[in-house]
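Read through the structure below, which is laid out as structure tokens, and then see the notes.
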Amino acid sequence: MKTGKKVMILLLVFVAAAVVYFVHPVGKKEEHGVTEYTAMEKAKFPVLYATMGEREMAPVFGQTEERGVTAGRDSLILLPEDRKLKLRFAGTTKIQGVHYEIRSLDTEDLIERTRIGSFETSLNGDSENALSTELPIQNLLDAGKEYLLGVCAELSDGSEAWYYMRITEQDQGHANEMLSLAEDFSSKTYKYSDAQSLAMYMETSPTAGSTSLGTVTLKDTFTQLTWGSLGVERSGEAYTKLKELSGNLANVEITSRVTAKNGEKTENYEVTENFTMKWSSQRIYMMDYERTMTELFTGDTELFSGKRILLGIGNGDGVHAVKSTGGQYTAFVTDRELWAYDSGENVGARVFAFGGAASDDIRDNVPEHGVEILAVDEDGGIDFIVYGRMNRGTHEGSTGIAYYHYDMGQNALEEKFFIPSSEPYQELKDDLSVLAHRGTNGIFYFYMDHGIYGIDLKSLEYVALASGLTKEQFAVSADHSRAAWQENTGIWDSQTIQIMDLDTGDKTQVGGQSGSVTRILGFVGNDCIYG
């Protein structure tokens, strides 16, 4: 059923997939040799903040999908004793109405559906529309059980934005204490003298073997915990999120941006801190702590040094690069942005970004998406996909795969098609890490939701190569140019295996001998190993 639904979605999408975005310079930096491009409308969905105790929790961002099919396990809110959950919307789009529904976590059982009859609106001096309200949640929840809350904002243009979070009815006391400890721990790291009290939580180990600030844990040094000699300061808000609560154990995340001075230059960083804590009547124990920081790449000339591109501090997550065959052009991804570098002209360009260093709109920088480079041509053209949640533009709030082609000569970015997905970002990321390949035959092949699909980039016709696959029934070569699968069988009873060259489209069938079965074992290079 699920795969059949996905095929119908594909059929609908391709009919309306002729949208082309032409890219124009919006800020050519002559002094640095960098041109930045944009091709998307600004985000319009308001941002939702829920209050827990006396604390306004981290923002929740709108999505177009109803019933939370793509809502992952993210924000958890403990309801107050009277179950009246305070909410605040903020944004530049006016809200006409609000309703909400509460379902079981699998979305199958509807517990409550209610329209809000009254709410307060205000227009601030910065032309920001704000709306505050309370959800009068009924006494229908089992204490301690988690539910999925979906809040729908009806926007002035007739569209709807859905906001999802998990809720549970239980005492907030211990959770609020652990949230306060996480916030106190985080703020103290910025001042060496205040951070002395954090030494009790450190478990410094000589085997940690790292001096990097990209990833810092309790096993690293006190100097690393306090940002070394970087001299960072917070810029803007720090957002606290309760991710999990199980008994007296809690997982808390704090995200923020920091700045550091490097001579006359100001460097910007994204910082995420993750805390695992255990509450007891004597004290709260810090079971685990990890801080990651990533420098926001600016593309300044001095960051391109010969054959090297200096990305700055980071943990390497999502960073990858692809060169053209001749080596003149390099496309690279850092911090969910796609950049192109022409070594002949010594010019860099930001090809794709929802936000990055140039944006202070938190809606642009929701980190639930990734960028994958598929190919770099000899003329500097780049084929790539953006997958996950779309933060702005025509598909704002949708989850799926957008396929783009960048023409360096024309400074044009063309969206070939968009495929909506019922999978949340992390599952979609895992699927595409298995297979995402542009064949030299002009067909884009990808793995999603237990199926292998191919899309002709000229006609936008698609073919479902295989469906209903488990991870044991297929294999893909390391360079994604070969795939093999067993069709409509279990693991141990397949008589044949299909092997496909994803550059030429040629298929080979192996096995088929009477009285024998064949099983895929994997790939060594581009050679399929089977038994």
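The values are calculated or read from the model by the stated rules, or taken from the named source; none is laboratory data. Nothing here was measured: the structure is a model prediction, and the numbers come from that model. Heads up, the Cβs are rebuilt from the backbone with ideal geometry, glycines too, and the neighbour counts pull from every protein chain shown. Accessible surface areas use protein heavy atoms only, side chains included; no ligands, DNA or RNA. Shrake-Rupley method; radii C 1.70, N 1.55, O 1.52, S 1.80 Å.
Just a yes or no: is a residue in the range 134-147 crowded, with 20+ Cβ neighbours inside 10 Å, within 27 Å of the chain's Cα centre (by Cα) and touching a residue at least 24 places away in the same chain (Cβ under 8 Å)?
Looking for residues that are crowded, with 20+ Cβ neighbours inside 10 Å, within 27 Å of the chain's Cα centre (by Cα) and touching a residue at least 24 places away in the same chain (Cβ under 8 Å), one finds at least one in the range 134-147, hence yes.
In the range 499-514, the residue that is surrounded by the most Cβ atoms within 10 Å (Cβ to Cβ) out of those that are over 25 Å from residue 441 (Cβ atoms) and polar (S, T, N, Q) is 513. Within the range 515-526, take every residue that is within 16 Å of residue 489 (Cβ to Cβ) and either open to solvent by less than 70 Å² (accessible area, probe 1.4 Å) or free of Cβ contacts under 8 Å to residues at least 40 places away in the same chain (or both) and give me the one that is farthest from the chain's Cα centre (by Cα). The extreme case among them is 515.
Yes/no per residue for (1) open to solvent by less than 40 Å² (accessible area, probe 1.4 Å); (2) outside any loop (DSSP other than H, G, I, E, B):
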site	(1), (2)
43	yes, no
50	yes, yes
71	yes, no
77	yes, yes
80	yes, no
87	yes, yes
101	yes, yes
106	no, no
112	yes, yes
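Here residue 187 fits the description: part of a helix (DSSP H, G or I), of a type in the set (Gly, Ala, Ser) and under 25 Å from residue 296 (Cα atoms).
Listed by position, the strands (runs of 3 or more DSSP E) inside the range 295-352 whose residues that are more than 25 Å from the chain's Cα centre (by Cα) and of a type in the set (Val, Ile, Thr) number at least 1 are 347-352. Looking across the range 206-231, the residues that are open to solvent by 30 Å² or more (accessible area, probe 1.4 Å) and either touching a residue at least 60 places away in the same chain (Cβ under 8 Å) or assigned to a loop (DSSP other than H, G, I, E, B) (or both) come down to 209, 210, 211, 212, 215, 217, 219, 221, 228, 229, 230, 231. Scanning the range 151-174 for residues that are buried (at least 22 other Cβ atoms within 10 Å of the Cβ) and of a type in the set (Gly, Ala, Ser) yields 153, 161. Filtering the range 424-439 for residues that are part of a strand (DSSP E or B), among the hydroxyl-bearing types (Ser, Thr, Tyr), out of contact with any Cys (no Cβ under 6 Å at 6 or more places or on another chain) and open to solvent by 10 Å² or more (accessible area, probe 1.4 Å) leaves an empty set. Residue 234 meets all of the listed conditions (1) touching a residue at least 24 places away in the same chain (Cβ under 8 Å); (2) open to solvent by less than 70 Å² (accessible area, probe 1.4 Å) but one, namely (2). Of all residues in the range 362-392, those being under 17 Å from residue 46 (Cα atoms) and open to solvent by less than 10 Å² (accessible area, probe 1.4 Å) number 3.
Among the residues of the range 400-420, some residue qualifies, meaning at least one is open to solvent by 10 Å² or more (accessible area, probe 1.4 Å), within 19 Å of residue 65 (Cβ to Cβ) and assigned to a strand (DSSP E or B).
Against the list (1) assigned to a strand (DSSP E or B); (2) modelled with pLDDT of 95 or more; (3) more than 17 Å from residue 58 (Cα to Cα), the condition residue 167 fails is (3).
Residues of the range 275-291 that are surrounded by 18 or more Cβ atoms within 10 Å (Cβ to Cβ) and either within 21 Å of the chain's Cα centre (by Cα) or among the charged types (D, E, K, R) (or both): 275, 291. Residue count for the range 237-249 under the criterion of being of a type outside the set (Lys, Arg), more than 19 Å from residue 188 (Cβ to Cβ) and either in contact with a strand residue (DSSP E or B) (Cβ under 8 Å, 6 or more places away or on another chain) or open to solvent by less than 40 Å² (accessible area, probe 1.4 Å) (or both): the result is 5.
Residue-level check: of (1) open to solvent by 60 Å² or more (accessible area, probe 1.4 Å); (2) β-branched (Val, Ile, Thr); (3) modelled with pLDDT of 95 or more, residue 121 misses just (3).
Kindly indicate whether any position in the range 479-498 is on the phi < 0 side of the Ramachandran plot, basic (Lys, Arg) and exposed (fewer than 15 other Cβ atoms within 10 Å of the Cβ). Within the range 479-498, not a single residue is on the phi < 0 side of the Ramachandran plot, basic (Lys, Arg) and exposed (fewer than 15 other Cβ atoms within 10 Å of the Cβ).
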